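Here is the structure we will look at, set down as structure tokens.
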Amino acid sequence: MASQNTTLNFDNTEIAFRNKSDKDLERAYWLFKMVASSSLIKIGTPITNFALSVGLPVQGIIRNTIYKQFCGGETIQGCDHAIAELGKGNVTTILDYSVEGEDSEESFDACCNEVLASVKYATLNKLISFCVFKPTGVGRFDLLAKIDAKETLTTEEKEEFARLMDRCDRICKACHKAGIPVLIDAEHSWIQDTIDDIARIMMEKYNIEKPIVYNTYQLYRHDKLASLKADLAYANIRGFHIGAKIVRGAYMEIERERAKEKGYPSPIQPNKAASDTDYNEAIIFCLDNIDKIGLMAGTHNDQSCLLLAQEMQKRNIAPNNQNVFFAQLLGMSDNLSFNLGASNYNVAKYMPYGPVKAVMPYLFRRAQENSSAAGQTGRELSLIIKEKQRRKNSK
Ligand SMILES: Cc1cc2nc3c(=O)[nH]c(=O)nc-3n(C[C@H](O)[C@H](O)[C@H](O)COP(=O)(O)OP(=O)(O)OC[C@H]3O[C@@H](n4cnc5c(N)ncnc54)[C@H](O)[C@@H]3O)c2cc1C
């Protein structure tokens, strides 16, 4: 293990919550206390959905609580303030249009146009470090699944897929032209091979000079460290760079249930330790090939963040090397983001945005994730309590 990075301290709550007023801190405290109760989340989710669907006036409550914690605003311009606040702590933003569950060609075009608008905005605002899109935001999930299962497509489906590819290409091309890297999010395993193929095509086209297109590798899958290595071997032969956003993975329960139901071996690692091992090995692999790989470590795990910082130091890679980024989600693990930013590391927050009602599925997922990940919520809460106490003592 490398020597301890002397400048990093993820427990410094003064830095972590510098951009939070006492009122913001109090709101975060109650919010994390509430989501810590999984039974409350179980009851609250259908009640809120019902209230929204029949038009009860709950949007204001949501906007001032959970939305304010986890989202930047309803539009790109509406995120200006939140982006500037992160910027004060040397933390950049990834605008993430988080409208989910719409399944029409119009909504796919609208999503593509929204991402293109975020690329344009990024050219004007230096605080935007990456753009991002989800393949199922620009094309139909079932179509991707059909291709993944190697089923024959009808003529209409072939045309539909060509439109999906065109949307992906327009986004990646705009990012290449603007010199702004773009992340392609990873999703469920039964559409992921197709997403990987799309990402590889885009990387080969746009990553000649440097990493612009980043695919996502979910290390909770037992085969993804090997995929990352195979992608680099292929890229070396074909002469392009790899962009690798590494995450552990967000769909563990669904993946395991589906594999059991359909009777195939689960694609997920046997246990958490195996996910952690592969995640940390992926960090080392990327750093060992940093002249050819752009790395983004999307994680709230402090040990992985520390390992990445230490291994950079060991290899004399400067904290602000453009090929290494840390990333967290807005409203979570500010202790990592702001302490990394204060030590001059490149760090970015995914900033979801969109109309309150439309981002509710995203917000419910965040709440559920926080209620099931007792460790994460416990940590958020203890840091908030520590900061509340620190402020009280310093008055
Ligand atoms: C910036 C950013 C971008 C992201 N983008 C994506 C994305 O594109 N696609 C995506 O799927 N997810 C994405 N995620 C979510 C991510 O995959 C994780 O779900 C989340 O970050 C929690 O993992 P962790 O590394 O933060 O930390 P930890 O809290 O240390 O790890 C929790 C994770 O470990 C894994 N795990 C837990 N228990 C077990 C077990 N018993 N066996 C095997 N594995 C286990 C799971 O993946 C779980 O989510 C993103 C996260 C961030 C911060």
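The values are calculated or read from the model by the stated rules, or taken from the named source; none is laboratory data. Keep in mind it's a predicted model, so treat the numbers as computed, not measured. Every residue, glycine among them, receives a Cβ derived from its backbone with ideal geometry; neighbour counts consider all protein chains shown. Accessible surface areas use protein heavy atoms only, side chains included; no ligands, DNA or RNA. Shrake-Rupley method; radii C 1.70, N 1.55, O 1.52, S 1.80 Å.
Here is how the numbers come out for the structure above:
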{"read-out": "Residue that is nearest to the ligand (Cβ to nearest atom) [pool: residues in segment 233-278 that are surrounded by fewer than 20 Cβ atoms within 10 Å (Cβ to Cβ) and among the small types (Gly, Ala, Ser)]", "value": "Ala250"}
{"read-out": "Close pairs (8 angstrom Cβ cut-off, 6 or more residues apart or separate chains): more than 20 Å from Ala122 (Cα to Cα) in segment 94-111, open to solvent by less than 20 Å² (accessible area, probe 1.4 Å) and among the aliphatic types (A, V, I, L, M) anywhere", "value": "Glu100/Val359; Phe108/Val138; Phe108/Leu164"}
{"read-out": "Checklist (1) more than 13 Å from the ligand (Cβ to nearest atom); (2) in contact with a Ser or Thr (Cβ under 6 Å, 6 or more places away or on another chain); (3) at pLDDT below 95 applied to Leu381, failing item", "value": "(2)"}
{"read-out": "Counted residues, segment 37-60 - those being under 23 Å from Asp334 (Cβ atoms) and modelled with pLDDT of 70 or more", "value": "0"}
{"read-out": "Total residues in segment 210-230, condition touching a residue at least 12 places away in the same chain (Cβ under 8 Å) and surrounded by fewer than 21 Cβ atoms within 10 Å (Cβ to Cβ)", "value": "6"}
{"read-out": "Subset of segment 173-202 that is more than 16 Å from the ligand (Cβ to nearest atom), over 17 Å from the mean Cα position of the chain (by Cα) and among the hydrophobic types (A, V, I, L, M, F, W, C) - its residue that is most open to solvent (accessible area, probe 1.4 Å)", "value": "Ile201"}
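To keep it simple, each residue is scored yes or no on (1) charged (D, E, K, R); (2) open to solvent by 30 Å² or more (accessible area, probe 1.4 Å); (3) under 26 Å from Ala367 (Cα atoms); (4) under 19 Å from the mean Cα position of the chain (by Cα).
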{"position": "Tyr67", "(1), (2), (3), (4)": "no, no, yes, yes"}
{"position": "Gln77", "(1), (2), (3), (4)": "no, yes, yes, no"}
{"position": "Ile94", "(1), (2), (3), (4)": "no, no, yes, yes"}
{"position": "Glu100", "(1), (2), (3), (4)": "yes, yes, yes, yes"}
{"position": "Asp103", "(1), (2), (3), (4)": "yes, yes, yes, no"}
{"position": "Ala122", "(1), (2), (3), (4)": "no, no, no, yes"}
